[in-house]
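**Q** Okay, handing you the structure first.
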Amino acid sequence: MLSKKRMKKGLHRTLTFCVSAALLLAMSAVALDVQESDAWEKKISTELWNVMDSSDEDELIPVTVWLDDTQVQNRVEIALKNEKGMDPAVYENDEKFQSQIAPKIVKRVEQAVGYEAAHKVSSQIEPLAAEQQEQILNASDADETSKAETEFEGISLAEKAINAEIDRYVTEKQNLNKREYTALNQNIIESIDSLSDENIIFTSKYTANILMNLTREEITNLARSNKVLDIGYYINLEAEEQTSTELPKVDVPYVRDTLGYRGSASVPIGVIEVGRYSSTRSQLSSAIKSGRLVYRQNGSYSPAVDEHASNVVSLIVGPTGVVPNAQVYQTSANSDALIRSALELLLNDNVRVINMSLASNTTAYSDIDRYVDNFILINNVTCVVAAGNNSDIYGDKSTNVVSPGRAINAITVGNANTLYGKGLHVSSSYTCDYKPDVVAPGCFYIPGSSHSGVLPYDCGTSFAAPIVTGIVAQVIEAGTSSYKYNPAYLKSVIVTGSDYGAIAESFIGSLPTDSMGGGYNYNNCPWMRTKSGFGLVNARKSVEVARSGNVISISKYTGTSVSAPTKQFTKTVTVPSGKKLRASFSPNVLPPNGSIPIEYSLDEFGIKNAKSGIYNSRTTAGWTMAGEMNSATSSSQDYVLCGTQRKGSAAGYMTWRFI
C-alpha cells in the first residue's frame with residue numbers, strides 16, 4: 001500500500017504530465033528544444049520533488065539549474081582558433097606548444113632585443129612590460145630593434161615572452177567563456193516569461209549554472225528542455241570563517257628570498273573572506289599604498305573589517321608573507337550564492353589562483369562543490385580551500401571536510417600545528433575519503449600585540465590555506481610549461497612536492513608505528529590520508545618539480561567497460577643510485593549530475609620495477625593519487641609509473657621527483 005506522501009507525489013507527476021502542453025504555453029517566444037519523453041522527470045532531484053509535492057502551486061522554490069554546455073565549449077574552441085588565432089589543440093598540449101609556438105616567440109625576442117639580451121638571466125624581478133610585449137609581437141624577420149634590458153631572477157626574457165603568450169591564451173579563453181556562458185544562461189532566463197529579476201538569485205557568467213526561485217510549473221517546464229542537465233533544490237548555506245607562521249618548515253623563505261619568487265603582477269591572486277582586511281593593519285600598509293592589495297565590492301554585501309581577513313591576506317602579501325610582491329584582490333562572501341558571485345568577480349581581474357578560507361558546514365559533496373569544480377575546470381583557475389577545523393575535539397566534532405573543500409578539482413588544505421617547538425602534528429582528522437590534499441602550517445603568532453608577556457596566536461585551516469595559495473603562485477611564476485596555469489597540473493606539482501614523512505601523528509614528534517618499514521607508503525599509513533592528505537606542502541620541492549619538466553599529460557578515457565579497468569598509462573623513469581621516486585596524478589574532473597561516481601576515478605596508481613614488474617608502491621581507487629618508493633635504490637634502475645583508468649576517467653597530469 002502506497003503512503004499518502006508517495007500517492008500525492010505520483011498524482012502530482014501524473015497531473016503535471018497531463019497538462020504539459022498547457023504549461024508549455026507559459027514559455028516565452030524564445031524557443032527551447034523540448035524533451036518529449038519522461039526522461040525529464042529524472043532531471044529533477046528527489047529532494048526537489050519532495051519539496052514540490054509539499055508546496056503550493058504559486059509558491060516559489062529556490063533551485064539550482066545546470067545546463068548542457070557542450071555546444072558552448074565547442075564554440076569557445078572554434079572562436080579561439082578563428083577569432084584569436086590560437087588552436088586549443090596546440091596551446092593545451094605542451095609538446096605541440098613547445099615545438100610550434102615557443103620557437104617563433106623566441107625568434108621574435110631575439111630579433112627585437114638581440115640574442116644575448118633575449119637569453120640573459122639576471123637578478124632583478126620585474127614582469128614583462130607591456131611595451132616590450134608589443135615590441136616582440138610586432139618584430140619582423142628583418143627588424144633589428146635596439147636591445148632592451150629586462151631583468152628577471154632565474155628566467156630569461158625569451159622565457160618570459162613565452163609565459164606571456166601562455167597567459168594571453170588563458171585570458172582570451174576566459175573572455176570567450178564569459179561571452180558564451182552569459183549568452184547560454186541568459187537564453188534560459190528569457191525563456192521564462194514570469195521570471196522577475198528579484199527571483200534570480202545568481203546567474204553565472206563562467207559556468208552553466210543559474211540559481212532561481214521558481215514555481216512548480218516553471219520547474220517542470222524547464223526540466224523538459226534539452227538544454228537542461230538537471231535541477232536541484234537550492235539551500236543558500238551560510239559561510240563561516242575557518243579559523244610569525246612557521247614558513248621555514250615548508251621552505252618558503254628559500255623560494256621567496258634566495259630563488260627570488262616573491263610574487264608578480266603577472267600572477268594575480270584572489271582572496272575570498274567573510275569579512276574584509278583592515279586598511280590600518282601595519283603589515284598591509286605597503287601593499288595598500290602601492291596598489292598591490294585592492295578590495296573588490298561583491299554586490300550589495302557590506303562585510304565587517306575583521307582580523308581573520310587581515311591575517312589571511314597578510315600571510316600572502318605581507319612583508320614576510322609567502323609572496324610579498326604579488327598583486328592581490330580581496331572580496332567577501334557570507335553565503336553560498338555570494339561565494340559564486342565572488343569567484344566570478346575576481347575573474348575580472350584575471351586572477352590565476354584564489355584562496356577561500358571559509359566554508360559551509362556540509363556532510364557530503366554539494367552543489368557549491370559542483371559549482372567550484374566547474375568553475376576551476378572551465379576557466380583554468382586554481383582554488384585553494386580550507387578543509388575546515390572539524391575533528392574529535394574541534395569544530396562540530398563531526399570530522400567532516402566542509403564545502404567547498406570537497407570540490408575534487410580544488411586544492412584542499414588541512415592544518416599542521418607547528419607551535420611550541422613540539423614538532424609537526426595535524427590538528428584535524430577527517431572522514432572524507434579523498435580530502436584533504438595536503439597540509440600546511442596553520443598556527444602563527446599575531447605580531448604587534450601581547451598579553452601578560454605572551455604573544456597571542458591563532459590557529460586553523462584558514463591560515464594553512466593561504467600558505468599553499470602563495471606557493472601555487474610561486475610555482476606559476478617559476479613554471480615554463482604551457483600547463484603552468486592548469487589546476488590539475490598545479491595540484492599534482494604541489495602533491496608531488498609535499499612530504500609524506502614530515503608529519504608526526506601527535507605532539508610527541510615520533511612517527512607512528514604503522515608508517516615504519518613502509519617508507520611512509522600510502523597503504524601503510526591509513527591515518528596519513530585522513531589527517532595530512534599527501535603530506536606537508538613544500539615550496540622549494542614544488543618549484544623544483546615545476547622547473548624540472550617531469551610531467552606527462554594523460555588523456556581522458558572513454559571506453560565502454562564500467563566494471564573492469566581497461567586502459568593503463570605508463571611512464572618509465574630512470575631512478576639514480578641512492579634515490580627514491582615520488583609521483584602523483586591529479587585529474588581534471590567534471591562530476592556528472594552533481595555526483596562523483598567511482599568510474600570517474602583511477603582504479604589504481606603505482607610505481608613498479610621495470611625489470612621485475614614488482615610494485616614498490618601501489619594504491620587503489622581515487623582521484624588525486626600519489627606514490628613513493630619505500631627505499632632508495634642501490635644502483636641506477638628503471639621504474640615504471642603507471643595508472644589504470646576506468647570508463648569515463650578524466651584527463652589529468654602526472655608529475656614526479658627524486659628524493
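**Q** Please list 641, 259 from largest to smallest accessible area, probe radius 1.4 Å, with all protein chains kept in place. Please list the in-between numbers first.
**A** On the way: 641 0, 259 50 Å².
Largest accessible area first, the residues go 259, 641.
**Q** Let me ask another. If I stretch the segment between residue 50 and residue 96 completely, what's the gain in nm (0.36 nm per residue apart, minus their alpha carbon distance), one decimal?
**A** Extending this stretch completely gives an extra 11.4 nm.
**Q** Still on this structure, I have one more. Using modelled amide H (1.01 Å from N, peptide plane; none on Pro or chain starts), what sits under 5 Å from the amide H of residue 86, excluding residues fewer than 5 places away?
**A** Long-range HN contacts for residue 86: 81.
**Q** In whole Hz, with x marking every Gly and Pro, tabulate ³J(HN,Hα) for the range 226-235 from phi via Karplus 6.51 cos²θ - 1.76 cosθ + 1.60, θ = phi - 60°.
**A** 5, 7, 9, 7, 6, 10, x, 6, 9, 10
**Q** If you plug each phi of the range 357-367 into the Karplus form 6.51 cos²θ - 1.76 cosθ + 1.60 with θ = phi - 60°, what whole-Hz ³J(HN,Hα) values come out, in order, with x for Gly and Pro?
**A** 9, 8, 6, 10, 7, 9, 10, 7, 4, 10, 5
**Q** Between residue 612 and residue 568, what is the label-to-label distance in nm when each label sits 7 Å out along the Cα-to-Cβ direction?
**A** 1.7 nm
**Q** When the chain is fully extended, how far beyond the present Cα-Cα distance does residue 552 get from residue 590, taking 0.36 nm per residue of separation?
**A** 11.6 nm
**Q** Among 375-387, 220-232, what's the highest-first ranking by average C-beta atoms within 10 angstrom per residue? Before the final figure, lay out the partial values.
**A** Working: 375-387: 26.5, 220-232: 20.8.
Ranked by mean Cβ neighbours within 10 Å, highest first: 375-387, 220-232.
**Q** In nm, to one decimal, how far is the modelled label at residue 71 from the one at residue 200, with both set 7 Å along Cα→Cβ?
**A** 1.9 nm
**Q** Here's something else I'd like to know. Please report the carbon-and-sulfur percent of the accessible area for the range 240-390; probe 1.4 Å, protein heavy atoms only, DNA, RNA and ligands left out. Present the calculation step by step, with values, prior to reporting the outcome.
**A** On the way: 2140 of 4390 Å².
Answer for the range 240-390: carbon and sulfur cover 49 percent of the accessible area.
**Q** Then there's this: Post the alpha-carbon centroid distance, the range 618-659 to the range 208-236, in whole angstrom.
**A** 41 Å
**Q** Mind giving me the FRET efficiency for residue 631 and residue 121? R0 is 25 Å, r the Cβ-Cβ distance, nearest 0.05 is fine.
**A** E(calc), rounded to 0.05, equals 0.10.
**Q** Under a 1.4 Å probe, what is the accessible area of the range 179-332 per residue, stated in Å²? Each step should come with its number before you reach the end.
**A** Numbers: 5730 Å² over 154 residues.
It amounts to 37 Å² per residue over the range 179-332.
**Q** Rounded to the nearest 20 debye, what is the charge dipole size of the range 215-338 about its Cα centre when +1 sits on each Lys and Arg Cβ and -1 on each Asp and Glu Cβ?
**A** 560 debye
**Q** From the Cα gyration tensor of the range 183-235, with a ≥ b ≥ c the square roots of its eigenvalues, which class applies: rounded if a/c is under 1.5, or else prolate if a/b is larger than b/c, or else oblate?
**A** Taking the square roots of the gyration eigenvalues as a ≥ b ≥ c, the range 183-235 is rounded.
The values are calculated or read from the model by the stated rules, or taken from the named source; none is laboratory data. Because the structure is predicted, anything quoted here is derived from the model rather than measured. Don't worry about glycine lacking a Cβ; one is built from the backbone with ideal geometry, like all the others, and counts go over all protein chains shown. Each accessible area value is taken on the protein alone, full model and side chains, heavy atoms only, with ligands, DNA and RNA left out. Shrake-Rupley method; radii C 1.70, N 1.55, O 1.52, S 1.80 Å.
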